[in-house]
1. Using a simple charge model, +1 on the beta-carbon of Lys and Arg, -1 on the beta-carbon of Asp and Glu, nothing else, what dipole does the stretch 31-96 show about its Cα centre, in debye to the nearest 20?
2. Stick to the Cα atoms of the stretch 23-89, pair each with every other, and give me the Kirkwood hydrodynamic radius in Å at one decimal.
3. What is the distance, in nm, between label points placed 7 Å from the Cα along the Cα-to-Cβ direction at ALA36 and at THR130?
Amino acid sequence: MSLPNGRAGAHNSQGNLIALDEWRHAMAKVKQLTVALENRPGTLAHMAKVLADAKVNIVALLNSTAGAQGSAQVVVDSVNRAKKALGAAGLPYTEGTLEQVELANKPGALAELAGKLAKKGTNIECAYATMPKGAKKAVVVLALSGPTL
């Protein structure tokens, strides 16, 4: 997306269009919980039910496996309720901080962001995003190492 002066831009969490070189102000820190799960049927369903029963909404999810083990990385609407519920259910988790940014839902938006981060020497260790068909914005969650924008 371009600004009137021709500079590349994106939308911040308030929906305002900002220049790429101002993205560091648009990135919001969010907490992520990484829950250790066995790689077998029902473990993700169990974790999701534990959170649902605690009235915790999952706003972003990345589930992955490696052999017999796996993990679910979740961003939730209430980290404290989620931690309490997971702990009570005996589900081990770790807590981390991610960056969240809204991008225009158009070809090249992620390429621009990733390129800008690369030029600053920032590595994207993990990223996940989603957007409904026809949505104007995508929400991208990033685990970063190195300097940020």
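1. The calculation lands at about 140 debye.
2. On the way: mean 1/r = 0.0793 Å⁻¹.
Result for the stretch 23-89 stands at 12.6 Å.
3. Label-label distance for ALA36 and THR130, simple model: 2.6 nm.
Bear in mind these aren't lab numbers, they're just calculated from the coordinates by the rules spelled out. Remember, it's a predicted structure, so these values are computed and weren't measured experimentally. Glycine gets a Cβ as well: all are built from the backbone with ideal geometry, and neighbour counts include every protein chain shown.
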